[in-house]
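This report refers to the structure that appears directly beneath it.
Rule-based calculations on the coordinates, nothing more; no lab input. Everything numeric in this text was worked out from a predicted model, so none of it was measured. As a convention, Cβ positions derive from the backbone with ideal geometry for all residues, glycine included, and neighbour counts pool all protein chains shown.
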């Protein structure tokens, strides 16, 4: 980790250590030296080993997986990025994979196999114990991206009439407990969760205290059919640490813990940011050249089409441009300002939708406000750019034309920036998806049309 | 929360409930009906009440704070967005604020007062008990955005030689325990943290088990001087739930829990996304018109300057455009494709830097790969656009000119998209900040210059 204002440059030191480690690993792979590889990776956390595997490519990764196969456990496997997981699974010996999945919590197994094809999926399911297999299959029965897929089925529960002593004795006698748990969920005889107790309160209470007396004041239950993005939002908004998950009959079927919610929040953000930039949402710096092209070319193709639409608008005014070449010089400014202003509004709107701060109750106020901001922005830059154009080309009419075009385009930009994501959301699509392209298409077309159209009417 | 494919439209229902709630609240405020307001807000979580306060404006918010003052507690106060917190504090009676801060954990008090001016800060500090005041002041002594500011000083510790029974007896006898805690930190006699035990393992172990036998295998300590962004990264990467914080002498000074790390991760993402779009990083949909203009105008001004630089490049070729007006039609396409391709690379690079997957060890490989992707993108769209231009304007030379300009500009776009954020990072700046403007300036200037320059040489 980097320090704030103490050592000279700890970031640089860390980068150098990282570079020399990757060099050493590369050498060990080339030499086929499994012992050296073990020694280098032994002190590392599973998540960091997974990062190293992601950073290796082609033949190097294959050799690594051969040399290191018997050290690859469930923890490393569940940390490996989805994009390369299938490839890694194929290259590992079957018994290594089987052994690894047997160690994993049910939610990690679900995460591992949900994107696999049927034969690979069946093979991994076959490696699990009966109980684990049933849990994983139940989880897979819920829709993709639902809470049911995210939850782990291992939950620590207690009957609602127990006291602290009974609960502690039960925990001490229980052979198997989840790796991490933060609450005891109280259930009624029909397995409906009714409350929960934090482990801290359980530890601090006397043995004869009824659990009922130390339950948490607020208690949130998640439906297995909730979307994972909404689950992440709830954890962040209400500072939850874990929450019980129920099926359609309100019966307890699992638990979601904050570390999984944090991963979802992280992924959702990543998706938004990549989609806004017109990059496939699974893009990573470790992708191959081909993979990268496959993700980026479609978006550039869409942009090429819209850029040609804008060019078509310009071509309607070829005659005017030939007479007043200054128009060719100034027209990209109108379009560029519109594009930028529209992107600003768009980004704020997309984030507001994601954080549920743009809701039915304030949507019209926000739209009105954005329109006003757009107009005021337009007026500001109409004055500035009017003066610049006037001085540059010594023409008051040209200055007037660009000023009016600026006000119109920046107002339209603001409206497009909010109405486009709202419309996408309303239609059930991701408001971040493709909205950038829609918004700049609108601002390009409107910008060129208003500027050149006005110029044709006034100047020629 | 919304469901996946069960009810018709639960999102719409939730939005309507929210609308009617906000209406009722508005009416209660207008009628000055404090009892009605209490009844409406009573079932709500503090975080949701804070959201409502954020959504009210001007006189309405002031009336709300008057009517609801005696219900505003520490929890609501710490949930209110930074942007309006100072205003809210000013409008609340002093005794309400004093009472509220006395209930808060030390990290929430630090978060509340770190941005206040000296007199307001001193007033709040004066309201705290001696012990809390010292803890808050110690935290404030660490740099802004450091782990020291994020931690809470309330930590549950045990001497390393204790057993489970001694620890449970201690917890039962302790009057005061933090609201939420997940580990017992083992400390040596000089208060250096040496290991930790999860509460789950503590509960499951027999009373005579030494704590040493049930400590977690991996144990990470955070320096109070670490940057909060690095802390959030570590929590996410290593699935930490809480981690002890130490000072320069490795002595335990506090603990950071995952919910705080999750908030930081959320804020960091939000900052990245807003900075990439050229919007002030504190922008919210609830800002006033004036506030919004203040954040957006500076970035639009920067864009106006760079758009004028691009216009200056075009004006160098006025004569050529007058002779071949098709150039004016096609030139925005070259610039637009460059801008889009550059933004794609930029976004992936900024995210890779934020997630530490673009490091010293792979930087040259990634730069080479992006350059190759840029060139291949350029070749793809050179062919497509060459054909379009040839058909549209029936000129093979014009087609050749736009093809070459496309290859050059998309290659430069890729390089700019990765080298600009890398340079900013190297210089200690935020790689997201202003990089969008830099990248599009490069692609506009290069795009116009290469296209029009080549055209001047070949076509005229």
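Cα convex hull of region A:251-383: how many Å³ per residue? Don't jump to the answer; show the numbers that get you there.
On the way: hull volume 27.6 nm³, N = 133.
So the per-residue hull volume is 207 Å³.
Ordered shortest first, which distances in nm separate the 7 Å Cα→C-beta label point of residue A:395 from those of the other copies?
The answer, with the shortest distance listed first, is 2.2 nm.
Give me the inter-chain shielding for B:353-363: mean count of other chain Cβ atoms within 10 Å, whole number please.
Whole-number average of other-chain Cβ neighbours for B:353-363 is 6.
Please work out the Cα center distance from region A:347-411 to region B:402-460, rounded to the nearest Å.
So the separation of the two Cα centres works out to 26 Å.
Suppose you put the label 7 Å out from Cα in the Cβ direction; list, shortest first and in nm with one decimal, how far residue B:309 is from each other copy's label.
Once sorted, the set of distances for residue B:309 reads 3.0 nm.
Counting only other chains, and only Cβ atoms inside 10 Å, what mean value do you get across the residues of A:395-408?
Rounded to a whole number, the mean comes out at 0.
Hey, with R₀ at 45 Å, roughly what FRET efficiency would residue A:48 and residue A:397 work out to, going by the Cβ-Cβ distance, to 0.05?
E(calc), rounded to 0.05, equals 0.10.
Taking every pair of Cα atoms in region A:157-276, average 1/r, invert it to obtain the Kirkwood radius, and report Rg/Rh to two decimals.
Details: Rg = 16.1 Å, Rh = 15.5 Å.
Expressed as Rg/Rh, it is 1.04.
Could you give the radius of gyration (one decimal) and Dmax (whole number) of the Cα atoms in region A:10-141, in Å?
Just the Cα atoms of region A:10-141 yield Rg and Dmax of 15.9, 50 Å.
Would you mind checking the tilt of helix B:46-55 against the longest principal axis of the Cα atoms of chain B, expressed as 0 to 90 degrees and rounded to 10?
Once rounded, the angle reads 40 degrees.
By average Cβ neighbour count within 10 Å, what is the ranking of B:253-265, A:99-111, B:169-181, A:71-83 from highest down?
B:253-265, A:99-111, A:71-83, B:169-181
Taking the Cβ-Cβ separation of residue B:250 and residue B:316 as r and a Förster radius of 60 Å, what is the calculated FRET efficiency to the nearest 0.05?
Numbers: r = 63 Å, r/R0 = 1.04.
Once rounded, the FRET efficiency stands at 0.45.
If you take every DSSP beta bridge fully contained in region A:157-276, what fraction is antiparallel? Give it as a percent rounded to 5.
Counting only bridges with both partners in region A:157-276, antiparallel ones make up about 70 percent.
Taking every pair of alpha-carbon atoms in region B:289-459, what share in percent sits in each 5 Å bin, from 0 to the bin with the longest distance?
1, 9, 16, 18, 17, 14, 11, 7, 5, 2, 0
How big, on average over all directions, is the shadow cast by the Cα convex hull of region A:282-329, in nm²?
Details: hull surface 19.3 nm².
The Cα convex hull of region A:282-329, projected and averaged over all directions, gives 4.8 nm².
Alpha carbon centre of region B:229-305 versus region A:234-306: separation in Å?
19 Å
Rg and Dmax of the protein assembly as shown over Cα atoms: what are they, in angstrom?
In Å, with Rg to one decimal and Dmax whole: 30.0, 96.
Quick one: order A:357, A:139, A:397 by neighbouring beta-carbon count within 10 Å, fewest to most.
A:397, A:357, A:139
Within 10 Å, count the other beta carbons around each residue, average over each peptide in A:314-322, B:377-385, and list them highest first.
B:377-385, A:314-322
Give me the extension gain from residue A:27 to residue A:294: residue separation times 0.36 nm, minus the current Cα-Cα distance, reported in nm with one decimal. Walk me through the numbers on the way to the answer.
Values: separation 267, 0.36 × 267 = 96.12 nm, distance 3.19 nm.
My answer for the length gained is 92.9 nm.
If you rank B:231, A:350 by fewest surrounding Cβ atoms within 10 Å, what's the result?
With the sparsest Cβ surroundings first, the list reads B:231, A:350.
How large are Rg and Dmax for region A:215-293 when only the alpha carbon atoms are used, in Å?
Answer for region A:215-293, Rg first and Dmax second: 16.4, 55 Å.
Other chains near A:257-266: what is the mean number of their Cβ atoms within 10 Å of each residue's Cβ? Write out the running numbers ahead of the final one.
Values: counts 3, 8, 8, 1, 2, 10, 2, 0, 5, 7.
Rounded to a whole number, the mean comes out at 5.
Compute the helix-to-body angle for B:118-127: its Cα long axis versus the longest principal axis of chain B, expressed 0 to 90° and rounded to tens.
Roughly 30 degrees, rounded to the nearest 10.
Under 12 Å from a label point 7 Å along Cα→Cβ of residue B:73: give me every residue in region A:233-258 with its amide N that close.
Hits in region A:233-258 for residue B:73 at 12 Å: none.
Rounded to the nearest 10 degrees, what's the angle between the helix B:164-173 long axis and the longest principal axis of chain B, both from Cα atoms, 0 to 90?
Computed tilt is about 80 degrees.
Suppose we keep just the DSSP beta bridges with both residues in chain A; what percent of those would be antiparallel, to 5?
70 percent
Please give the length that would be gained between residue A:206 and residue A:40 if that part of the chain were fully extended, namely 0.36 nm times their separation in residues minus their C-alpha to C-alpha distance (nm, one decimal).
Roughly 54.9 nm would be gained on extension.
How are the Cα pair distances of chain B distributed, in percent, across 10 Å bins from 0?
Each 10 Å bin holds this share of Cα pairs: 4, 15, 19, 20, 18, 13, 8, 3, 1, 0.
Shortest first, in nm, what separates the label point of residue A:126 from those of the same position in the other copies (7 Å along Cα→Cβ)?
7.7
Quick one: if you stick a label point 7 Å off each Cα along the C-beta vector at residue A:263 and residue A:19, how many nm between them?
Reported label-point gap for residue A:263 and residue A:19 is 3.3 nm.
How would you rank B:334-344, A:148-158, B:29-39, B:358-368, highest first, on the average number of other Cβ atoms within 10 Å across their residues?
Per-residue Cβ counts within 10 Å, averaged per peptide and sorted highest first, yield B:334-344, A:148-158, B:358-368, B:29-39.
Need one number: % antiparallel among DSSP beta bridges in the protein assembly as shown, to the nearest 5.
75 percent
Evaluate E = 1/(1 + (r/R0)^6) for residue A:177 and residue B:190, where r is the Cβ-Cβ distance and R0 equals 22 Å; express this FRET efficiency to the nearest 0.05.
Calculated transfer efficiency: 0.05.
Using only DSSP helix segments of four residues or longer, with each worth -39500 (n - 2.57), what per-residue ellipticity at 222 nm results for the protein assembly as shown after dividing by its residue count and rounding to 500?
-21500 deg cm²/dmol
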